[in-house]
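The values are calculated or read from the model by the stated rules, or taken from the named source; none is laboratory data. Computed from a prediction, not measured in an experiment: that's the story for all the values here. So basically every Cβ, Gly included, is an ideal-geometry build from the backbone, and we count neighbours across all protein chains shown.
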Amino acid sequence: MIVRTKGDENPKGKPRIFFACFPADHDRSYDVICNDIFSSHDVAVYSLADREDHEQLVHDLIGMNLFVIPVSFDLLMEHSFAMDHVLPLSLKEHIPVLPIMIEPGLDYLYKRDDKFGTIQYLDMTGKDRTAVDYRKKLKDYLDAVLVGDELAARVRKAFDAYVFLSYRKKDRAYANELMRLIHKDPVCRDIAIWYDEYLVPGEKFDEAIVKAMKKSRLFTLLVTPNLVNEKNYVQTEEYPRARKSGIGIFPVEMEETDHDRLEQRFPGVPGCVNPDDEKLFRQLFKKAVGKAARSGNDTPEHDFLIGLAYLDGIDVETDRVRAVKLITKAADAGLPEAVEKLSDMYYEGIGVERNLPLATSREEELAQILRSTLYDDDPKLISVQNELGFRYADEREWDKAIQMHEAVYKAYRSLYGDENPDTLEVMDNLALEYDQTGDQEKAFELHKRAFKIRGRISGYNSRDTLTSMYNMVLDLISTGQGSQKMLKMAQKLYKRQRKVFGPYDRDSLCTLEAMALILDCMGKKKKAAKIYVEVYEARQKTLGENNIETITSFKNLAVYIMNTGNYDIALEMLQLVHEKYKEVMGPEHPETMRILYYLAQAYTEKGEYEKALDLSSKAYEAQMSMLGAQHPYTQEVSALIDYINYMP
């Protein structure tokens, strides 16, 4: 594999991220995403080399801490290593995966069950109603998933001792097997093993070897025919240094090897140990490593730190099953940082299957622990309560989310003031939660306040400020009142966006489309039609024919044409939209089914009731199954069916 680090530093000991993308997306995403990650975290980013041994590659991927996948239309529609191998492996091995949107308008396609489903993504295309910077969201995510330098240092101090493992790259699978065998003995659980991971021999590699030798109690030599069949780095560099340092040497014969050749190439090597006799192997290994092998320290903090070691592969092999047991044990003992980590693990799917209810339960537990030990205005407690609010929102428990974020918003205003970024972020999220419960008036007031504050801080033409204004427009549209007020605000917003960002900017086009919707509701059909055409042509030019936002603009135009009485033209357009929706979002998606409703409407107006009834019945069954009887889509289709059935 190819490895990249900040400043071309030694990757040893750094959190491991694997980058996988659709091949054609590499040039436009790799450097940008790596630099975004390096701006906040000291990690090693790995990617595929031209040729990789598949069996060894799987071993390497299982040892990764995170997979990062840039998401494009091509990635979602074509076969690739990222979608065919990396994503399934992440789900099977419970390795967290971070999809990053690099193209807009892919939400519906992305969320299909055969794509990413419910896995949350970060959007670097700039369309985020919370106006929270993408890089901040990236940093927060990496903070939750990766072990930072300070915590990693604590983990390394928790080990009883270090053992140096020397092996050929060709024998990586055996190296993992040997490490598991050593740690299978509970007495040796807390012994760290230094191994070269993915280092390439060179100056920095040599420096790392020297440092590792100095702090190791034992030099474990992994013996296979690969070790003696050709000249290699273990023979010429590592073994001579071990002999010179006086460290104990412990050869383990993982595959039958020519002993005469071994002694010839490795002068003075002791007799090999057979790992197949586990009882004898354990006895000899504990004798070789000496007093460093002792029964584990059972304090919650120690269990937590050693659990992190096995979770992230910090100087031990990655063993997520053992990690979960140790971290859970520490959490059940009431250690706050273990409870917090376990909550993040279930929320992000780190070492365990993603489980939102369990993640929320652990976050509630953490909040309760902190309430008993901290003051109400302690920043740590407030931060945890803020995260708990997000967990409630993810489970669509809007009343709980609002209650929690109202308290957090009040606390942040008191602690940091209205203009603090954290206060503004909570304000935005609280407003969106009000939107979800249908309380657009409260949402509008919060968005209006955010607009004024951001205007003072960043200016009234900044993207964040204009995002708040766009949210105000959407709030007004949701109320269905004050059309003239809506139109004036949307026109004012579009004028600013067009001037600052240009007419083809994504935010500008979203506002323009909102203007068309307002004009349509006001009965100004011709003006609305002109804008629908303008938006469609702009998206077609900037996003392409197959982008869902382009297709949706085409659908809006088709519905408008149908409402003007041009049913034949509308039917042709809607049938094309239906085929596109089936391809992009799937045939059973609610939005795909909704096109059947529009088709049924057109056939009804033409008097072709049999076709209309067939299409509307299919739409109704699908909407009932997916959305329920009370959903507006379902009720619309039900009303149409009733109308058709009354026709002669």
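So here's what we get for this one:
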quantity: Per-region count, region 494-508, residues touching a residue at least 12 places away in the same chain (Cβ under 8 Å), surrounded by fewer than 23 Cβ atoms within 10 Å (Cβ to Cβ) and assigned to a helix (DSSP H, G or I); calculated: 6
quantity: Matching entry among Glu177, Glu238, Glu207 (being in contact (Cβ under 8 Å) with a residue 40 or more places away in the chain, in contact with a strand residue (DSSP E or B) (Cβ under 6 Å, 6 or more places away or on another chain) and in a helix (DSSP H, G or I)); calculated: Glu238
quantity: Whichever residue in region 175-202 is under 20 Å from Met64 (Cβ atoms) and at pLDDT 90 or above and, among such residues, is surrounded by the fewest Cβ atoms within 10 Å (Cβ to Cβ); calculated: Arg180
quantity: Given (1) without any contact (Cβ under 8 Å) to a residue 40 or more places away in the chain; (2) not in a helix (DSSP H, G or I), number of the condition Asn546 does not satisfy; calculated: (1)
quantity: Residue match in region 485-501 (condition: over 25 Å from Glu534 (Cβ atoms) and touching a Ser or Thr at 6+ places or on another chain (Cβ under 6 Å)); calculated: no
quantity: Residue check, Thr511 in a helix (DSSP H, G or I), in the same structural domain as Lys606 (by TED's automatic domain parsing), out of contact with any strand residue (DSSP E or B) (no Cβ under 9 Å at 6 or more places or on another chain) and within 30 Å of Glu425 (Cβ to Cβ); calculated: no
quantity: Checking Lys279 against (1) at pLDDT 95 or above; (2) assigned to a helix (DSSP H, G or I); (3) under 27 Å from Ala161 (Cα atoms), the condition it does not meet; calculated: (1)
quantity: Residue within region 553-574 that is outside the structural domain of Asp107 (by TED's automatic domain parsing), hydroxyl-bearing (Ser, Thr, Tyr) and either surrounded by 22 or more Cβ atoms within 10 Å (Cβ to Cβ) or in contact (Cβ under 8 Å) with a residue 60 or more places away in the chain (or both) present; calculated: yes
quantity: Candidate set from region 242-276 (those that are in a helix (DSSP H, G or I) and of a type in the set (Gly, Ala, Ser)); member that is surrounded by the fewest Cβ atoms within 10 Å (Cβ to Cβ); calculated: Ser245
quantity: In region 575-609, the residues that are of a type in the set (S, T, N, Q) and either more than 14 Å from Gln623 (Cα to Cα) or not assigned by TED's automatic domain parsing to the domain that holds Asn563 (or both); calculated: Gln575, Gln601, Thr604
quantity: Any chance Lys527 is in contact with a helix residue (DSSP H, G or I) (Cβ under 7 Å, 6 or more places away or on another chain) and without any contact (Cβ under 8 Å) to a residue 24 or more places away in the chain; calculated: yes
quantity: Any hit, region 1-13, residues being closer than 22 Å to Tyr141 by Cα, modelled with pLDDT under 95 and under 20 Å from the mean Cα position of the chain (by Cα); calculated: no
quantity: Among residues of region 558-571, those that are outside any helix (DSSP H, G or I) and either within 26 Å of the chain's Cα centre (by Cα) or under 21 Å from Lys618 (Cα atoms) (or both), counted; calculated: 0
quantity: Filter result for Val584 (in contact (Cβ under 8 Å) with a residue 60 or more places away in the chain and either exposed (fewer than 14 other Cβ atoms within 10 Å of the Cβ) or under 24 Å from Leu627 (Cα atoms) (or both)); calculated: yes
quantity: Region 321-340, residues that are under 14 Å from Leu366 (Cβ atoms) and buried (at least 24 other Cβ atoms within 10 Å of the Cβ); calculated: Ile327, Ala330, Ala331, Ala338, Val339
quantity: Of the criteria (1) surrounded by 21 or more Cβ atoms within 10 Å (Cβ to Cβ); (2) under 25 Å from Gly544 (Cα atoms); (3) in contact with an Asp or Glu (Cβ under 7 Å, 6 or more places away or on another chain), which one Asn65 fails; calculated: (2)
quantity: Hits in region 144-153 - residues which are surrounded by 15 or more Cβ atoms within 10 Å (Cβ to Cβ) and either polar (S, T, N, Q) or not in a loop (DSSP other than H, G, I, E, B) (or both); calculated: Ala144, Val145, Leu151, Ala152
quantity: Contacts under 7 angstrom Cβ, first residue in region 308-328 being on the phi > 0 side of the Ramachandran plot and not assigned by TED's automatic domain parsing to the domain that holds Ile193, partner crowded, with 23+ Cβ neighbours inside 10 Å and polar (S, T, N, Q), 6 or more apart; calculated: none
quantity: Helices (runs of 4 or more DSSP H) fully within region 352-424 counting 2 or more residues that are within 30 Å of Gly307 (Cα to Cα); calculated: 356-371, 379-394
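Per-residue answers, yes or no, for (1) over 28 Å from Thr552 (Cα atoms); (2) modelled with pLDDT of 80 or more; (3) not in a strand (DSSP E or B):
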residue: Ile95; (1), (2), (3): yes, yes, yes
residue: Glu103; (1), (2), (3): no, yes, yes
residue: Leu109; (1), (2), (3): no, no, yes
residue: Arg112; (1), (2), (3): no, yes, yes
residue: Thr118; (1), (2), (3): no, yes, yes
residue: Lys127; (1), (2), (3): no, no, yes
residue: Thr130; (1), (2), (3): no, no, yes
residue: Asp140; (1), (2), (3): yes, yes, yes
